[in-house]
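K.L.:
One structure follows; several queries about it will come next.
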Amino acid sequence: MAIAAGGKPREAIRRRSAWLYRDWQLYVLVLLPLLYFFVFKYGPMFGIIIAFKDYNIFQGIWASPWIGFETFREIFAMDAFYNALRNTFVLNLLDLLIGFPIPIILAILLNELRIQWFKKGVQTILYLPHFISWVIIGGMALQLLATNTGIVNNVLRSFGLKAIPFLTEPLYWIGTYLGIGIWQSAGWGTIIYLAALTGINKDLYEAAEVDGAGRLRKIWHITLPGMKPTIIILLIINIGHMASIGFDRPYVLSNPHVTDVSEVISTYVYKIGIQSARYTIATAIGLFQAVVGLIFLLSADYISRKINDQGIW
């Protein structure tokens with residue numbers, strides 16, 4: 001019995017060794033992304049302890065004295081932190097409400113096109129902005145939308161109209177921020193949804209057409225349900241990023257006239273951590289941001305599972 005009992009683990013080890021020997025090239029390929037995540041994602045997490053220390057760059061992390069949660073008390077007493085946190089949530093929420101449906105709509109419209117060369121041309125035009133650096137986009141926005149020297153406002157003045165303060169008035173700046181963000185990212189999101197649409201069985205459309213379903217009916221009952229898994233995954237990811245925001249976009253589009261609405265957590269951490277060399281506070285804000293983001297991510301995942309179990313949509 002002992003021999004038989006011990007034979008099963010040996011057999012399992014033998015099978016795993018055979019798999020490893022057979023597919024060793026694939027395991028070697030997996031090592032590179034694993035190495036990337038360990039070095040650039042998990043390795044830097046060691047620096048989290050700076051948030052609980054009175055960090056001195058000359059003393060180093062270990063030699064710096066512990067101060068516990070004192071830094072967090074200081075952060076939660078700062079008005080500038082609450083302003084940056086509010087702007088982060090507001091801009092991300094507007095991006096989610098306005099920007100998230102756009103790629104879905106574009107993907108559905110492109111999927112309905114029957115002229116292939118026109119469809120491919122539109123796809124190319126839509127996703128090209130994704131590859132443009134935000135620094136270049138910021139320069140383009142300044143050349144086009146600046147109040148005094150922008151091309152758009154010069155054209156408006158030539159028709160006797162007033163200049164529009166796209167980049168200097170808070171409400172106009174928010175609209176500009178959202179519009180440029182949608183222009184830059186919508187095409188890439190459209191490609192993801194178009195890839196999801198290729199997995200839908202074409203026989204379903206033919207069966208629906210035989211039953212007399214129109215184009216809108218086919219979109220509602222076949223196309224959208226076929227996109228549902230991809231939509232849910234991307235929605236969860238976007239909700240998980242509600243507490244975080246990219247640095248490039250708000251930084252290059254911001255200016256002193258709109259700081260009250262453009263200062264977000266990422267730019268605030270840059271100013272307080274890099275420019276002011278207050279590394280402890282910057283680390284604490286980053287840790288707080290990560291914890292809140294994790295809570296949003298887990299909550300969105302839980303809600304999506306509940307909705308999916310109840311069979312909604």
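The values are calculated or read from the model by the stated rules, or taken from the named source; none is laboratory data. A quick note: this is a predicted structure, and the numbers were derived from the prediction, not measured. Glycine gets a Cβ as well: all are built from the backbone with ideal geometry, and neighbour counts include every protein chain shown. Accessible surface is based on the protein model in full, side chains and every heavy atom, while ligands, DNA and RNA are left aside. Shrake-Rupley method; radii C 1.70, N 1.55, O 1.52, S 1.80 Å.
K.L.:
Could you please give the count of residues in the stretch 191-212 that are closer than 28 Å to ILE125 by Cα and assigned to a loop (DSSP other than H, G, I, E, B)?
P.N.:
Going through the stretch 191-212 one residue at a time, the tally reaches 4.
K.L.:
Do we have ILE245 as closer than 23 Å to ALA290 by Cα, part of a helix (DSSP H, G or I) and either at pLDDT 85 or above or among the β-branched types (Val, Ile, Thr) (or both) here?
P.N.:
Details: closer than 23 Å to ALA290 by Cα: yes; part of a helix (DSSP H, G or I): no; either at pLDDT 85 or above or among the β-branched types (Val, Ile, Thr) (or both): yes.
Criteria not met by ILE245.
K.L.:
Condition first: open to solvent by less than 20 Å² (accessible area, probe 1.4 Å) and either hydroxyl-bearing (Ser, Thr, Tyr) or more than 30 Å from VAL135 (Cα to Cα) (or both). Can you find one or more residues in the stretch 177-186 that meet it?
P.N.:
Looking through the stretch 177-186, at least one residue is open to solvent by less than 20 Å² (accessible area, probe 1.4 Å) and either hydroxyl-bearing (Ser, Thr, Tyr) or more than 30 Å from VAL135 (Cα to Cα) (or both).
Table: residues versus (1) among the β-branched types (Val, Ile, Thr); (2) in contact with a Ser or Thr (Cβ under 9 Å, 6 or more places away or on another chain).
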| residue | (1), (2) |
| --- | --- |
| LEU85 | no, no |
| PHE100 | no, no |
| ILE104 | yes, yes |
| PHE118 | no, no |
| LEU128 | no, no |
| ALA141 | no, yes |
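K.L.:
Any residue at all in the stretch 81-91 that's over 19 Å from the mean Cα position of the chain (by Cα) and open to solvent by 60 Å² or more (accessible area, probe 1.4 Å)?
P.N.:
Residues of the stretch 81-91 over 19 Å from the mean Cα position of the chain (by Cα): 81-83.
Remaining after also requiring open to solvent by 60 Å² or more (accessible area, probe 1.4 Å): 82.
Scanning the stretch 81-91 turns up at least one residue that is over 19 Å from the mean Cα position of the chain (by Cα) and open to solvent by 60 Å² or more (accessible area, probe 1.4 Å).
K.L.:
Next question. Does any residue of the stretch 57-68 turn out to be in a loop (DSSP other than H, G, I, E, B), within 30 Å of GLY226 (Cβ to Cβ) and either under 31 Å from the mean Cα position of the chain (by Cα) or modelled with pLDDT of 85 or more (or both)?
P.N.:
As a first pass, look at the stretch 57-68 and keep what is in a loop (DSSP other than H, G, I, E, B): 57-59, 64-65, 67-68.
Narrowing the set further to residues that are within 30 Å of GLY226 (Cβ to Cβ) leaves none.
No, there is no match, as no residue in the stretch 57-68 is in a loop (DSSP other than H, G, I, E, B), within 30 Å of GLY226 (Cβ to Cβ) and either under 31 Å from the mean Cα position of the chain (by Cα) or modelled with pLDDT of 85 or more (or both).
K.L.:
Quick one: count up the residues across the stretch 198-245 that are surrounded by fewer than 17 Cβ atoms within 10 Å (Cβ to Cβ), in contact with a Ser or Thr (Cβ under 9 Å, 6 or more places away or on another chain) and touching a residue at least 40 places away in the same chain (Cβ under 8 Å).
P.N.:
1
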